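Working notes, structure below.
The values are calculated or read from the model by the stated rules, or taken from the named source; none is laboratory data. What you are looking at is a predicted structure, and each value in this text was computed from that prediction instead of being measured. All Cβ positions, glycine included, derive from the backbone under ideal geometry; neighbour counts span all protein chains shown. Accessible surface is based on the protein model in full, side chains and every heavy atom, while ligands, DNA and RNA are left aside. Shrake-Rupley method; radii C 1.70, N 1.55, O 1.52, S 1.80 Å.
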Amino acid sequence: MIGKKLVALVFSPTGSTLKVVRRFSKHFEDSEIIELTTGKSASNLEFDDETMVLFAFPVYAGRVPDVYFDRLEDVYGDENYAIIIGVYGNRHYDDALFEMYEMLSERDFNVIAAAAFVAEHTYSSKIAGGRPDEADLEMVDAFVDILQLLTPDDIPPKIPGDYPYREGVGVSTWAPYPSDGCISCGVCSMVCPVGIINPDGELPKEMIIDCLHCMACVKRCPTNVRFADDEALLKLIAHLEENFAEPRKEPEIFL
Ligand SMILES: Cc1cc2nc3c(=O)[nH]c(=O)nc-3n(C[C@H](O)[C@H](O)[C@H](O)COP(=O)(O)O)c2cc1C
Ligand code: SF4
Ligand code: SF4
C-alpha cells in the first residue's frame, strides 16, 4: 500500500526520534526528512498523491509536545496516507499517539498505522540507555515490511489512547544554566528548540517559562558545563529510575 515517496516531519531535540526516522526513511526511493526542531515551522508544504507523510516526535508527559503541534499548524493533507511514530523513554506513551491521530484525521490525512518506539530517557541513561539499539531499529524495518502488506480496507487503525488526554507538561519554573567554565561558544543557543538562550549561553529569567526541559542544551554543551539541578527535576529522575528502568519495553505497532 505504501508508495515510494516519503516526507517525514520530525521534532527531535536530543536526536533519538531522528535515529528512528532515518532508519524508516531508508526504505523509500525518494525521501525527505524535514526537521522542525529548531524553530522552523512547516509551511507551504503540498503533498502529491504518491507521497506518504510520516509524523515523528518524542512523547512528553504522555502527550505530543505542544511545540511540535505549533510547527505543524499549516500542515494539511489531501487524503494522503500518514504514519505516526512516537518515541518514549520506557515509561509510557499514554495518549500521545491517539492525540496525533485525531489531529491528523481532522487535517485530511488518512492515518494507516502508528508505532511507539523506545529510546533512552532524556533525564537518565539508566532508563533505556543506548536505545534505540539495533533490535529497535530492526523493528523499524519490520514496521515498514508490515506497512507494505496493508490495504485501504485496513484503515482506520486501532490506536491506543483516550480523550480527555492525560494532563501534559506543566508550566516551566526552571531551565538549565551555564556554570563556571562556560566558553560562550553559543552551541546551546543554536540547539535550543525555542530559542530562549542568548548566544553567550545565558538564559534570561523571564524566558524560563518557555523552557521545554528537553535537555538539548545540556547534552550538546561541548564543555559539559550546562546543568539542570532543580529539586523537582531531581525528584522526578529518582522516581523514573526507581520505577521505569526495568522492565525493558519493546516497540509496539498499531494497525
Ligand atoms: C519534557 C519531557 C517529558 C517526557 N515525558 C515522557 C513520558 O511521558 N513518557 C516516557 O516514557 N518518556 C518521556 N520522556 C522521555 C522522551 O520521550 C524520550 O527520551 C525521547 O526519546 C526523547 O526524544 P528525542 O531524543 O528525539 O528528543 C520525556 C522527556 C521530556 C524531555
Ligand atoms: S554550549 Fe556550554 S560552553 Fe557553550 S555557551 Fe552554552 S553553556 Fe557555555
Ligand atoms: S533551554 Fe530549555 S528548551 Fe532550550 S534547549 Fe535547554 S532545556 Fe531545551
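Only one of these is free of Cβ contacts under 8 Å to residues at least 40 places away in the same chain and outside the structural domain of residue 19 (by TED's automatic domain parsing): 192, 185. Name it.
Answer to the check: 185.
Report the residue count in segment 167-223 for those that are loosely packed, with under 14 Cβ neighbours inside 10 Å, β-branched (Val, Ile, Thr) and near ligand 2 (Cβ under 8 Å from one of its atoms).
The total comes to 2.
Within segment 178-205, which residues are within 9 Å of ligand 3 (Cβ to nearest atom) and of a type in the set (Lys, Arg)?
Of everything in segment 178-205, nothing turns out to be within 9 Å of ligand 3 (Cβ to nearest atom) and of a type in the set (Lys, Arg).
Any residue that is open to solvent by less than 60 Å² (accessible area, probe 1.4 Å), farther than 27 Å from residue 139 by Cα and in contact (Cβ under 8 Å) with a residue 12 or more places away in the chain - is there at least one of those in segment 235-251?
yes
Would you check which residues across segment 1-44 are part of a strand (DSSP E or B) and in contact (Cβ under 8 Å) with a residue 60 or more places away in the chain and list them?
9, the sole residue that qualifies.
Answer yes or no as to whether residue 129 is open to solvent by less than 50 Å² (accessible area, probe 1.4 Å), free of Cβ contacts under 8 Å to residues at least 40 places away in the same chain and either more than 14 Å from ligand 2 (Cβ to nearest atom) or more than 24 Å from the chain's Cα centre (by Cα) (or both).
Answer is yes for this residue.
I'd like to verify a number: residues in segment 213-237 that are closer than 12 Å to residue 179 by Cα and within 11 Å of ligand 1 (Cβ to nearest atom), how many?
Here the count works out to 2.
Checking the condition in contact with a strand residue (DSSP E or B) (Cβ under 8 Å, 6 or more places away or on another chain) and not in a loop (DSSP other than H, G, I, E, B), which residue from 236, 240 passes?
From the options 236, 240, the qualifying one is 240.
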